[in-house]
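Report on one structure; see the data block that follows.
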Amino acid sequence: MPAGEYIQQISFKQAGTGLGVAVAAFVLLGTVAAVWENPFFIRMTPAGGWEIFLLAALALLTGLYVAIRRPFCSNKTIGTGGVIGFVGIACPVCNQILLLVFGSELLLTYFEPIRIYVAAFGVVIAAAAVVYEWRQWDAAMAGEASSI
């Protein structure tokens, strides 16, 4: 089925919910990760241009997942991708859990250089969850169409 037909099958409520989740994820995760200056959180390591792009991709994928998700047959992979993506986007020194487990020297020496790749891996996991859910949704819609 072409993508245009899929879009027509998404209800206005589903699309609005997905858009709301995408915007909320972008604003909330970006603020907590201190990707931009804000009065609530301060970033100890500078944020580069990739953080905004990866954050936007993660937020859009999360919103799309919410828009197409089947209510009773959910896939938990999107949560894993979101957590891994957030850990990669966030400041490693500001993440108290990582700091407590690994220490600041280890984080800055080994994790900081690969942090963007970790965020990209999280986005890939989220994209895989969306593709999986899209295929399941497609199969469910095809089943409904054949029963009519």
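What follows is calculated from the coordinates using simple rules that are stated; it is not laboratory data. Remember, predicted model here, so these are calculated numbers, not experimental data. Here Cβ is always computed from backbone atoms with ideal geometry, including for glycine, and neighbour counts include all displayed protein chains.
Based only on other Cβ atoms within 10 Å, what is the fewest-to-most ordering of Glu37, Glu112, Glu133?
Values: Glu37 9, Glu112 14, Glu133 22.
By the 10 Å Cβ count, ascending, the order reads Glu37, Glu112, Glu133.
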From the C-alpha coordinates alone, can you work out the Kirkwood hydrodynamic radius of the stretch 3-147, in Å? 16.3 Å
Taking θ = phi - 60°, what integer Hz values does the Karplus form 6.51 cos²θ - 1.76 cosθ + 1.60 yield along the stretch 110-115, in sequence order, with x for Gly and Pro? 10, 7, 4, x, 9, 4
By the C-alpha gyration tensor axes a ≥ b ≥ c (rounded if a/c is under 1.5, else prolate when a/b exceeds b/c, else oblate), the shape of the stretch 72-116 is prolate
Fewest first, what order do Tyr117, Tyr65, Tyr132 take by the number of other Cβ atoms within 10 Å? Tyr117, Tyr132, Tyr65
Sorted from largest down, what three extents in whole angstroms do the Cα atoms of the stretch 46-110 have along their principal axes? 44, 26, 15
Using θ = phi - 60° and Karplus 6.51 cos²θ - 1.76 cosθ + 1.60, couplings along the stretch 41-47 (whole Hz; Gly, Pro as x): 10, 10, 8, 8, 10, x, 8
To the nearest 10 degrees, how steep is helix 77-89 against the longest Cα principal axis of the chain, on a 0 to 90 scale? 30 degrees
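As a check on your grasp of the helix formula, calculate [θ] at 222 nm for the chain: sum -39500 (n - 2.57) over DSSP H runs of n ≥ 4, divide by the residue count, round to the nearest 500. Show your work: numbers first, answer last.
Details: 6 runs with 101 residues, N = 148.
That calculation yields -23000 deg cm²/dmol at 222 nm.
Find the relative contact order for the chain and round it to a whole percent, using C-alpha pairs within less than 8 Å whose residues are 6+ positions apart.
Numbers: 174 pairs, mean separation 40.0, N = 148.
Contact order relative to length: 27 percent.
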Take the chain, connect every pair of alpha-carbon atoms lying under 10 Å apart with a spring to form a Gaussian network, then pick out the residue of Ala126, Ala25, Ala47 with the largest mean-square fluctuation. Ala47
